[in-house]
Amino acid sequence: RIPRHERVDKMPKHAVMAAALVGVIASASAFAPAAVGTLGGSPARARRAAAATNVKMDLGLAQTLVGIPVMYGLLSANEYVTHRYYQHNEVGKVDLYQTLRKMDKIPKLDGGGHIEHHAETYDDMSLKTDNPTWMASAPAQRMIGNKFRGTAFTWGVTRDMCLQCIPTVFPVYALMGWSIPETLAIWLPSMALHGLIWNALHPDMHGLPEVSASDGLPSTWLAGLRGSPYFEYIRLNHVGHHVASGKVNYNVCLPGFDHVVGTHMSVADWTPLVREREIKEVEGALVGNMM
């Protein structure tokens, strides 16, 4: 039988703690030191074993406290890069991409309908779905059958976002000394939380239906946060993204990377640009004089 103190030593403590701290896996009891009695009648050996256990737990807590902000930074960067370079097709301006496309070495990337979503959205965040001219246009036709008009994290989008994170998350955490199971224990809950926030925020702010579990992570789970200071901040931040024609504020749920690279625009700066119910040009989509 393995002594209890050795079982504690073998636990992936910092990974379990991380999951607990992000609020998805609550297993705080795993971090309580096991009661260590006298082993082989030696109080000194018991004290040494207890001290070693406490040291390991302290190191696990320190590693956890580092792991959480690192995860936030990685997901904020991933959200930024995906939104800007894939959804807004900024990668299409990169010389290497253009060369590989001419050689037919990589598929065409068109943003998955995100540019059309921008073209369909007024600055007050309502949609042009009541405009018959718009609905007859090619961009609008592309979104036929999509009840969320390209705004939701469906299960397919969630899968793709997870795949996009793998090349950055696992190498970084491996360098930090985390095993694959330990990394999964913090990464998967973090991805789920990100998707829940997105679905609670984005479709709703465009007046679209709630996302059900059959479509993706349910939007109602965090609907109670709507109107909170955090949700108001990210909502206004995303309104600015639309008002500025998708040129700023690429972070949606995880603010941060826009500030690092200088693409953040404050409410005070974008408010004068608002043109409610007016069609304006969105790069790569239908322009006003074509309506």
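No value in this document is a laboratory result; all are computed from the given coordinates. Predicted model only: the values in this text are computed from it and were never measured. Because the Cβ atoms are built from the backbone with ideal geometry, glycine has one as well, and the counts that use them run over all protein chains shown.
Pull out the extension gain between M135 and T99, defined as 0.36 nm times the separation in residues minus the alpha carbon to alpha carbon distance; nm, one decimal. Don't skip to the end; give the middle numbers.
Values: separation 36, 0.36 × 36 = 12.96 nm, distance 3.47 nm.
Gain on stretching M135 to T99: 9.5 nm.
Between M125 and Y230, what FRET efficiency comes out of the Förster formula 1/(1 + (r/R0)^6) with R0 = 25 Å and r the beta carbon distance, rounded to 0.05?
0.85
Given 0.36 nm per residue, what is the gain on full extension from R159 to A213 after removing their alpha carbon distance, in nm?
Values: separation 54, 0.36 × 54 = 19.44 nm, distance 1.45 nm.
Result: 18.0 nm gained on full extension.
In the neighborhood of R226, defined by Cβ-to-Cβ distances under 12 Å, what is the net charge if each Lys or Arg adds +1 and each Asp or Glu adds -1?
Working: positive: R235; negative: D204, E210, E232.
That sum, taken over residues with Cβ under 12 Å, equals -2.
Is segment 103-253 best put as rounded, prolate or oblate by its Cα gyration tensor, with a ≥ b ≥ c the root eigenvalues, rounded for a/c under 1.5, and otherwise prolate when a/b is larger than b/c, oblate when not? Write out the running numbers ahead of the final one.
Working: a/c = 1.96, a/b = 1.44, b/c = 1.36.
Note, shape of segment 103-253 comes out prolate.
At 0.36 nm per residue, minus the direct Cα-Cα distance, what do A62 and V274 gain on full extension? Give it in nm, one decimal, please.
Extra length from A62 to V274 when fully extended: 71.7 nm.
May I ask for log10 I(q)/I(0) of segment 228-271 at q = 0.25, 0.26 Å⁻¹, from a Debye sum over the Cα atoms as equal point scatterers with solvent left out?
Debye intensities relative to I(0), on a log10 scale: -0.82, -0.89.
Compute log10 of I(q)/I(0) for segment 194-262 with the Debye formula, placing one identical point scatterer on every Cα and leaving out solvent, at q = 0.16, 0.18, 0.25, 0.26 Å⁻¹, to two decimals.
-0.55, -0.68, -1.12, -1.17
Which net charge results when you count Lys and Arg as +1 and Asp and Glu as -1 among the other residues whose beta-carbon is under 15 Å from that of H259? Could the numbers behind the result be given before it?
Numbers: positive: R84; negative: E79, D258, D269.
Its environment carries a net charge of -2.
Sticking with the crude label model, points 7 Å out along Cα→Cβ, report the distance from S266 to V70 in nm, one decimal please.
My value for the distance between the label points is 3.4 nm.
In the neighborhood of Q87, defined by Cβ-to-Cβ distances under 12 Å, what is the net charge if each Lys or Arg adds +1 and each Asp or Glu adds -1?
Numbers: positive: R84; negative: E79, E90, D110, E116, D160.
Surrounding charge for Q87 is -4.
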